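Take a look at the structure set out below.
Each reported figure results from applying straightforward, stated rules to the coordinates on display, with no laboratory input. Since this is a predicted model, take the numbers as computed values, not measurements. Note that each Cβ is placed from the backbone with ideal geometry, even for glycine, and that neighbours are counted across all protein chains shown.
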Amino acid sequence: MNVWHNKMQNLNTVPPEIKILFNHIYEYKKGIRSMVLYTINKTYETIATQRLENQQIPYLIQDIGKRAVNIFFGKPECIEAIRMVVNRPLNQLTPEEDFILGAILGYGIRLQCKRFCTRKNKTTKNVNTTLYSQQAKTG
């Protein structure tokens, strides 16, 4: 058997989660993305971080529970911005922080604006409902 065949056999044994990571790294290296957020099972965290370190790609790990981690990786200035914005679970980010994160990750600005407005209106409605409820009880 030749080396090419052995590599293909080894590639077939790579878990899908790692294949996706490899694809994200490929896109980053080709300049398609400046920043990546990848949620991965903790089982593969060491493999992922070793690969990023071997490729000399800056990264940041966010623990998100017993089974998974978020791995942010990309340009150093993007990682630094992520450190400033993401200081709690992603589902607890303010609409503004969520918007900044989406922009850093390169999500379409139109959809980010729509998402921001939806989240902001939801936040505003919750505040207004609470205020209205409090006024109705005292009034």
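Here is how the numbers come out for the structure above:
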quantity	calculated
Local electrostatic count, residue 39, Cβ distance below 12 Å [Lys/Arg +1, Asp/Glu -1]	-1
Prolate/oblate/rounded call for region 34-85, Cα gyration tensor, a/c under 1.5 rounded	oblate
Length gained when the stretch residue 60-residue 118 is fully extended (0.36 nm per residue, less Cα-Cα span)	18.0 nm
Segment residue 109-residue 45, length gained on full extension (0.36 nm per residue, minus Cα span)	20.0 nm
Protection-proxy order for peptides 29-37, 86-94, each taking the mean of Cβ atoms within 10 Å per residue, highest first	29-37, 86-94
Over region 20-61: Kirkwood hydrodynamic radius from C-alpha pairwise inverse distances, Å	10.6 Å
Computed E for residue 94/residue 20 - FRET, C-beta separation, R0 41 angstrom, nearest 0.05	0.90
